[in-house]
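Here's the structure, in structure tokens; my notes come after.
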Amino acid sequence: MESAKIYTLNRKRFEVNATLNAAPSPPKPKLLDQVRQAIRARHYSVKTEEAYGGWIKRFIFFHNKRHPLEMAELEIGPFLSSLATDRHASASTQNQAFNAILFLYDQVLGKKISLVDGVVRAKRPRRLPVVLTKDEIKQVVNHMTGVTQLMAILLYGAGLRLMECCRLRVKDIDFSRNEIVIRAGKGDKDRRTMLPTAIKESLLKHLATSHRQHQEDLNKGLGRVALPNALERKYPNAGREWAWQWVFPASQHYTDRIIGERRRHHLHESVLQRAVRDAVVKAGISKPASCHTFRHSFATHLLEDGYDIRTVQELLGHRDVSTTMVYTHVLNRGGRGVRSPVDSLASTLVGLK
């Protein structure tokens, strides 16, 4: 009996000591940190991460900082309605906010959201893209100089999106095949498009200058760029290789916040946006043209030149041909690109001679 009591006492002491010596469990990440982890685990873009995080914060502040677990459909509806009625947000903005909130509940909190009733939805109008004529493209480009001019020509000549152009790497340009490979474009898809012959010589000169700059960086112990996904761990030295360098590097280095290493980023998109905006004003063009207008013009002019719409779809990277079909409505041949029947009678109509 005595030995049994001693055994029981020692066992209790062991359990108490084990409890006291146990390592404390790590604190649970904050809600927005959980959202970021979920987004990065699904390889969403940085822009999506920023947008979703912003909408989730607005949703929480709209309801006086209540935790989303305490809310559901009854709270989501008024928030979405306020975007349309109070802020006069567009339909795409409202849809983005709704998608962000659904992602929070479904992928982060594990709470299913049923139909949200009583939401005032913003009406989504059908808009035609702004398209510049070939002469207007020439005027805008002629009012640009240097690297931004080169980038604008690529936007128009290859149909690139703004960030696709900024994030081009040296290895993605094939001069022998006159081809550009777009890596991880919209929807995390790769595609191929043409390298305009007219720009090859200027681009080669630009890359020669960038290569000399890269060599100088290497001599100073720098020369590293960020790599996608986990390639930095798999290939530790790839970040310094010329093939992985940005085609359009920034003029200054930055310090990585996580590892503290000095790196060179690509040219910030705002530099090109500002240059295009200034060139449009100097050219005296009244259309609200932007960097994306070059891509719209690329597609429209290809269709005007008689290229097949499926070919244009592949070059643009559209998932559905119906997206590409919008450019048939802005061809320089009247509504839907159809020739008016009165044009065949013009020579015989009285008063038109």
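The values are calculated or read from the model by the stated rules, or taken from the named source; none is laboratory data. A quick note: this is a predicted structure, and the numbers were derived from the prediction, not measured. Reconstructed Cβ throughout: ideal geometry from the backbone, glycine too, with neighbour counts over all protein chains shown. In case anyone asks, the SASA skips ligands and DNA or RNA and just uses the protein heavy atoms, side chains included. Shrake-Rupley method; radii C 1.70, N 1.55, O 1.52, S 1.80 Å.
Calculate the FRET efficiency for GLU179 and ALA72 from the Cβ-Cβ distance with a Förster distance of 56 Å, rounded to the nearest 0.05.
Details: r = 51 Å, r/R0 = 0.91.
Once rounded, the FRET efficiency stands at 0.65.
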Using the beta-carbon distance between THR328 and THR145 and R0 = 30 Å, what value does 1/(1 + (r/R0)^6) give for FRET efficiency, to the nearest 0.05?
0.30
Pairwise label distance in nanometres, ARG310 with LYS287, each label 7 Å out on the Cα-Cβ vector
2.9 nm
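Pairs of Cα atoms under 8 Å, at least six residues apart: use those to get the relative contact order of region 58-199, whole percent.
Value for region 58-199: 16 percent.
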Sorted by chain and number, the residues with a modelled amide H under 5 Å from that of ARG262, at a separation of 5 or more or across chains, are ASP256
List the residues whose amide H sits under 5 Å from the amide H of ARG169, counting only those 5 or more places along or on another chain, with H placed 1.01 Å from N in the peptide plane.
VAL247
Per-residue HN-Hα couplings for region 141-156, Karplus 6.51 cos²θ - 1.76 cosθ + 1.60 at θ = phi - 60°, whole Hz, x for Gly and Pro?
5, 5, 8, 10, 9, x, 5, 5, 5, 4, 5, 5, 5, 5, 4, 7
Using the structure shown, list the pairs from LYS189/LYS287; LYS65/LYS111; LYS189/LYS282 with a Cα-Cα distance above 27 Å, or answer none.
LYS189/LYS287; LYS189/LYS282
For region 123-193, what does the alpha-carbon gyration tensor say about shape, rounded, prolate or oblate, given a ≥ b ≥ c as the root eigenvalues, a/c under 1.5 as rounded, and a/b over b/c as prolate?
oblate
Inter-centroid distance (Cα atoms) of region 246-299 relative to region 166-243, Å
16 Å
Can you work out ³J(HN,Hα) from phi for every residue in region 284-291, in order, using Karplus 6.51 cos²θ - 1.76 cosθ + 1.60 and θ = phi - 60°, giving whole Hz and x for Gly and Pro?
x, 8, 8, 6, x, 7, 9, 4
Name the long-range amide H neighbours of LEU267: under 5 Å, sequence gap of 5 or more, or other chain; modelled H, no Pro or chain starts.
PHE248, ALA250
Given a 1.4 Å probe, how much area per residue of region 130-201 is accessible, in Å²?
47 Å²
Describe numerically, in nm with one decimal, the distance between label points set 7 Å from Cα along Cα→Cβ at PHE62 and at ARG240.
5.0 nm
For region 73-83, take each phi angle, set θ = phi - 60°, evaluate the Karplus expression 6.51 cos²θ - 1.76 cosθ + 1.60, and give the result in whole Hz per residue in order, putting x for glycine and proline.
4, 5, 8, 5, x, x, 5, 5, 5, 5, 5
Could you please put TYR44, TYR156, TYR307 in sequence from largest to smallest accessible area, using a 1.4 Å probe?
TYR307, TYR44, TYR156
Label-point gap, in nm, between LEU115 and GLU201 - each point 7 angstrom along Cα→Cβ:
6.6 nm
In 10 Å bins starting at 0, how do the alpha-carbon pair distances of region 107-264 split up by percent?
8, 29, 29, 16, 13, 4, 0
Give, in nm to one decimal, the length gained when the segment between ASP135 and ASN99 is fully stretched (0.36 nm per residue of separation minus the Cα-Cα distance).
8.9 nm
